[in-house]
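The values are calculated or read from the model by the stated rules, or taken from the named source; none is laboratory data. Quick caveat: nothing in here was measured; it's all calculated off a predicted structure. Cβ placement follows ideal geometry from the backbone for every residue including glycine, while neighbour counts extend to all protein chains displayed. For the accessible areas, the whole protein counts, side chains as well, though only heavy atoms, and no ligand, DNA or RNA atoms are used. Shrake-Rupley method; radii C 1.70, N 1.55, O 1.52, S 1.80 Å.
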Amino acid sequence: MTPATLLVLAALADAPAAPPPTHQLSFYARSGLTAYLSSARTQGGLGGGVGVRDTLRGLWLLQADVNGLTGLGSVLEVRLGAGVQRPDGWWRPAALVSLTGLFGDQLGFIMPGESVYARGPTLGVGLTLAPARFSLGSAQVSLVELGVGVGGEGVGLSPVYSLTLLEVGVAL
């Protein structure tokens, strides 16, 4: 090889990767479970849903999803989240802060000194960790996501747990 050829090959090998797009919109489907456990009520269940995610500069995540849950009745779960992911490579672990709303059936308990069950939606805020997230071309797959948060009942804070078993998304 000539020195000019070697110089061109070296320049190509060291060329920086193309910058990620400013916005990458994707749709995803997920399956998992969510449970809110307080002294006044238990709400949640197992199910699945769909969502939309915007990835900003390959690093920041903004997402919203709607899920139908069953087990303790019928529950509609609405989640809004924002977080960060590993910006490059095929392994893309992520951490998100999520606001969760649970609407629908619940298993209520009458508290001492109270005469009615807890009513209205359950709202909680928490942290979700997705250590097994992968990007395969325009597809994203997450095998296990663990979420822990807190929700208020008026008498204190109670835990909200979530476990996403499988999430599959496709970038547009």
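Does segment 67-75 contain at least one residue that is within 15 Å of residue 34 (Cβ to Cβ), open to solvent by less than 70 Å² (accessible area, probe 1.4 Å), of a type in the set (A, V, I, L, M) and in a strand (DSSP E or B)? Within segment 67-75, one or more residues are within 15 Å of residue 34 (Cβ to Cβ), open to solvent by less than 70 Å² (accessible area, probe 1.4 Å), of a type in the set (A, V, I, L, M) and in a strand (DSSP E or B).
Scanning segment 135-171 for residues that are among the charged types (D, E, K, R) and at pLDDT 95 or above returns 145, 167. For segment 54-66, the set of residues classified as among the hydrophobic types (A, V, I, L, M, F, W, C) and in a loop (DSSP other than H, G, I, E, B) consists of 59 only. Restricting attention to segment 122-148, the residues that are small (Gly, Ala, Ser), touching a Phe, Trp or Tyr at 6+ places or on another chain (Cβ under 8 Å) and over 13 Å from residue 93 (Cβ atoms) total 2.
Cβ-Cβ distance below 8 Å, separation of 6 or more or different chains: which pairs start in segment 117-129 with a residue that is under 26 Å from residue 166 (Cβ atoms) and in contact (Cβ under 8 Å) with a residue 40 or more places away in the chain and end on one that is open to solvent by 80 Å² or more (accessible area, probe 1.4 Å) and of a type in the set (A, V, I, L, M)? Final answer for the pair search is 124/99; 128/97; 128/146. Scanning segment 99-134 for residues that are of a type in the set (S, T, N, Q) and either modelled with pLDDT of 95 or more or open to solvent by 80 Å² or more (accessible area, probe 1.4 Å) (or both) yields 100, 115, 128. One residue stands out in segment 79-93 among those that are among the hydrophobic types (A, V, I, L, M, F, W, C) and open to solvent by 50 Å² or more (accessible area, probe 1.4 Å): the one that is nearest to residue 60 (Cα to Cα), namely 84. Can you pull out every residue in segment 20-34 that is open to solvent by 30 Å² or more (accessible area, probe 1.4 Å) and either without any contact (Cβ under 8 Å) to a residue 24 or more places away in the chain or touching a Phe, Trp or Tyr at 6+ places or on another chain (Cβ under 9 Å) (or both)? Within segment 20-34, just 33 meets the criteria.
Of the candidates 96, 61, the single residue that is closer than 19 Å to residue 21 by Cα, buried (at least 17 other Cβ atoms within 10 Å of the Cβ) and at pLDDT 95 or above is 61.
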